[in-house]
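For reference, the structure is listed below as structure tokens.
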Amino acid sequence: MPKVSAKDTKKSAGVQAAAKKRAKKDPNKPKRALSAYMFFVQDYRERIKAENPDASFGDVGKLLGIKWKEMSAGEKKPYEDKAQADKARADKENAAYKANGKAAKKAAPASDSDEDDDDE
């Protein structure tokens, strides 16, 4: 077993400190678009669990993946349509969010510069 140097412990301490300082997620940020596979999983998870009651969470995931791979393009089409619609929704919401966020950011530095002028 290799020895742990002081350099290694400093690195791990830095990583832990960086993890604690991570910014909080904005609750107003729009949700990401779901993929066709994720829409399929939402639809089929209960069926797979009913067919395989003893299956663990990982086993259910594997069975869902196998089922998705076995499906034809025609069977996947409704899920792909949902994914395209959800992507359009997410793009629209994200554009609106960024537009509002940039406007708020532009206003903040302007007020900071006004405060700097008053201090002089």
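Estimated from the Cβ-Cβ distance and a Förster radius of 25 angstrom, the FRET efficiency linking SER35 and ALA99 is about 0.45.
Using a simple spin-label model with pseudo-atoms 7 Å out from Cα toward Cβ, LYS92 and MET71 lie 2.4 nm apart.
Each residue of the stretch 31-45 was assigned a 3J(HN,Hα) from its phi angle through the Karplus curve 6.51 cos²θ - 1.76 cosθ + 1.60 (θ = phi - 60°); the sequence is 6, 6, 6, 8, 7, 4, 4, 5, 5, 4, 4, 4, 6, 9, 3 Hz, with glycine and proline shown as x.
Coordinate-derived values only; no laboratory data. Fair warning: this is a prediction, and the values are worked out from it, not measured in the lab. All Cβ positions, glycine included, derive from the backbone under ideal geometry; neighbour counts span all protein chains shown.
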